[in-house]
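Working notes, beginning with the structure itself.
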Amino acid sequence: MSTNRPITHIRSRTAVLAHENIDTDRIIPARFLTTTQRDGLGRYAFNDWRYAADGTPDPAFELNKTAARGCEILVAGRNFGCGSSREHAPWALLDFGLRAVLSSEIADIFRNNALKNGLLAVVLSESEHRYLLANPGIELAIDVAAQTIELSDGGRFSFQLDAFAKHCLLAGVDQLGFLLAHNDAIGQFERQRGEAA
Amino acid sequence: MAARTLFEKLWDAHVVKAATPATPGILYIDLHLIHEVTSPQAFAELRARGLSVRCPERTLATLDHSTPTAPFDDLGQPVYASEEAAAQVGELEKNCAQFGIRLNGWSSEHRGIVHVIGPELGATQPGMTIVCGDSHTSTHGAFGALAFGIGTTEVGHVLATQCLLQNKPKTLAIEVDGDLPAGCSAKDLVLHIIGQIGVNGGTGHVIEYRGGAIRALSMEQRMTVCNMAIEAGARAGLIAPDEVTYDYLRGRPYAPQGEDWDKAVAGWNTLASDAGARYDRTVHIDAARVRPTVTYGTHPGMVVALEASVPLPATLQERRALDYMRVEAGKPLAGMAVDVVFVGSCTNSRISDLRDAADVLRGRRLASGVRMLVVPGSLAIKREAEREGLDQVFRAAGAEWREPGCSMCIAMNGDLAQPGQLVVSTSNRNFEGRQGPGARTVLASPAVAAASAVAGCIADPQSLLQEQAA
């Protein structure tokens, strides 16, 4: 957790899950949260969609299709990651092999958790989002530093990314180190409040 | 100073270092609540870096998510659903002991759901910043505290530094005026609100609930309303503190006492939005229009009044949700057959919720084939309910009276519904599979849940309550 792999470029075909409001219980059902580890959760990603009741992969599920194999970029319907604060959701997606999630809206806590773990969570405009939903499997080249996405058909999108999150992604550093470096300021804040009370 | 909202006052009072164009702000956290599910990896990180917990005294732990709610075994021991669940609880016990954190564990009279015991102990107070690795931390906003859910990485940040890196959210005022009709609860109100603004209506915002209908709510009702702010996608829900808040807190174990209390109240009285303070958005809700309300789909924004017909699906997505729920559009949900009824969760497991359910059940039996679990939010609530004889009402009706915990709200402790079963649940999420793979969830108030248990189908409690009164 102290250092992540630097994320500078992601190049991959897309897999599409067009459903809106894909919640964190869809991403990883709560019954798999009894672990005390953060590794190895990819096998539970989208568990109840991915597998039939008898445990065999459901061939109708998008990410089980041959075309989705090896895709590192997920294009998901609006309001992806809504629901709980479980960081197991981005852990599971990363371990599953995803490196970026693109949607027109991403829930706050999920987005925050994703970026802290080196899973690039990108919010696109409605029209860009519609285009990617309609073109599953298109090849994208994401440039984190430039905040651009180049489409294999010649299109090009740009996206917003919080400056600090971007710095951490590019440098592969986590945010705790930054907080710890402010130990003196935190101590001063505590003393001032103590005096005021 | 310019007029400020309640949120801005809370935020400003906790900024250790303001945001810059390159870095987020550093926000100080007054109270950090932890539980067994979202903390182990954070403690592992502290160990890996050789860090200690900066403020153990600002950290409070409980067991709730993975913990069994079934009666203890003959040796008085909890019976876990799996070895992994037991190991997870053991890990929290070990971590709390090693890092000097108060744990309301199995032997504590204060154990219970994290968002129930914080307020119950008076640990939750106006003016605080409160976080927990749990999205329903928004509950504590009912006290005029800025309270929100965080991920496990951030749990580690707070343990190590008592701070979080935060970008300032926007503000959304929800003005609720008019009188909530008799027979309508805070749950009906908040389901109605989410139906109005949508499950992403609050994304990026902190909600402040305002207006006469909010002021008229009890503290427990306010907690129900703030609890579900996250179901509208909001970072947090807030209600300014007032006499209702102070009456609830006075004398609780961690609340200020004596002179300290008076001083604290004087400070808390400044925690209201100033006249003329500006919100990024404002929504108006007429409480008089609220009816007993339930969900009919697979997210908490798909709501319908019990008396109204389920709307026709407008999208493929909504059609899929109706198919999953086996709900027919154009007809009311009332009358739909019920398999399981769950009264509990951080939304509706407090004593007033249990009283609401018991009032409907008193002298009645569950319909044949219906299973009902009543899971108090804390051991203190369980004891109080037993003093009032509510447990006898539930048992006599044929319901299971359980130990406190999150139970079937999140269904990770073995309390879960079978595939295809319909659950009328007082919890907060009706996502597909939330209460067990293939389980179908209808969110409702405790009174509607109890009435549905008696009727064997989704039912309005009004006729039952009128019979009781007659």
Original post:
What's the carbon and sulfur percent of the protein assembly as shown's accessible surface, probe 1.4 angstrom, rounded to a whole number?
Top reply: 49 percent
Original post:
For chain B, the longest stretch holding no trypsin sites (Lys or Arg not before Pro) located in a DSSP loop with at most 14 other Cβ atoms within 10 Å is which?
Top reply: B:1-249
Subject >> Protein-only accessible surface order, largest first, of A:Asp54, A:Asp174 at 1.4 Å >> reply: A:Asp54, A:Asp174
Subject >> Rounded FRET efficiency, nearest 0.05, which uses the C-beta distance separating B:Asp323 from A:Ala196 and R0 of 56 Å >> reply: 0.45
Original post:
Suppose R0 equals 30 Å; then what is the FRET efficiency for B:Arg47 and B:Ser82 from their Cβ-Cβ distance, rounded to the nearest 0.05?
Top reply: 0.75
Subject >> Cleavage-rule hits, GluC sites (Glu not before Pro), the range B:44-126, DSSP coil, Cβ neighbours within 10 Å at most 10 >> reply: B:Glu109
**OP:** With a 1.4 Å probe and all protein chains in place, put B:Asp359, A:Asp143 in order of accessible area, largest first.
**Re:** B:Asp359, A:Asp143
Subject >> Helical mean residue ellipticity (222 nm; -39500 (n - 2.57) per DSSP H run of 4+; nearest 500) of chain B >> reply: -9000 deg cm²/dmol
Original post:
Stokes-Einstein D for the range B:337-470 at 25 °C, 0.890 mPa s, Kirkwood Rh over Cα pairs, in µm²/s?
Top reply: 173 µm²/s
Original post:
Taking all pairs of different Cα atoms in chain A, averaging 1/r and flipping that mean, what Kirkwood radius in angstroms comes out?
Top reply: 17.9 Å
**OP:** Can you work out the PRE-style zone for A:Leu180? Point 7 Å along Cα to Cβ, and I want the residues of the range B:33-59 with backbone N under 17 Å.
**Re:** B:41-55
**OP:** Quick one, can you get me the convex hull of the C-alpha atoms of the range B:429-470 expressed as volume per residue in Å³?
**Re:** 64 Å³
Original post:
How big is the Kirkwood radius of the protein assembly as shown, worked out from every pair of different alpha carbons and given in Å to one decimal?
Top reply: 25.2 Å
Subject >> Heavy-atom SASA rank of B:Trp11, B:Trp106 (probe 1.4 Å, accessible area, largest first) >> reply: B:Trp106, B:Trp11
**OP:** Per DSSP H run of n ≥ 4, the term is -39500 (n - 2.57); total these for chain A, divide by its residue number, and report the mean residue ellipticity at 222 nm rounded to 500 deg cm²/dmol.
**Re:** -8500 deg cm²/dmol
Original post:
Across every pair of different alpha-carbon atoms, what Kirkwood hydrodynamic radius in Å does chain B reach?
Top reply: 22.5 Å
Original post:
Taking every residue in B:425-436, how many Cβ atoms of other protein chains lie within 10 Å of its Cβ, on average?
Top reply: 4
Original post:
Relative contact order of chain B: what whole-number percent is it, with Cα pairs under 8 angstrom and at least 6 residues apart?
Top reply: 17 percent
**OP:** Please go through the range B:382-470 and write out the GluC sites (Glu not before Pro) that DSSP classes as loop and that have at most 16 other C-beta atoms within 10 Å.
**Re:** B:Glu388
**OP:** Can you quote the Å³ per residue value for the convex hull of the Cα atoms in the range B:272-387, rounded to an integer?
**Re:** 193 Å³
Subject >> 21 Å tail of the calculated P(r), the range B:1-96, as % of Cα pairs >> reply: 55 percent
Original post:
If ligands, DNA and RNA are left out, what is the accessible area of B:Leu416 with a 1.4 Å probe, given in Å² to the nearest 10?
Top reply: 50 Å²
Original post:
To the nearest µm²/s, what D does Stokes-Einstein give for the range B:219-280 at 10 °C and 1.306 mPa s, using the Kirkwood radius over alpha carbon pairs as Rh?
Top reply: 117 µm²/s
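The values are calculated or read from the model by the stated rules, or taken from the named source; none is laboratory data. No experiment lies behind these values; they were computed from the predicted model shown. Please note: Cβ atoms are built from the backbone with ideal geometry, for glycine as well, and neighbour counts cover all protein chains shown. Accessible surface is based on the protein model in full, side chains and every heavy atom, while ligands, DNA and RNA are left aside. Shrake-Rupley method; radii C 1.70, N 1.55, O 1.52, S 1.80 Å.
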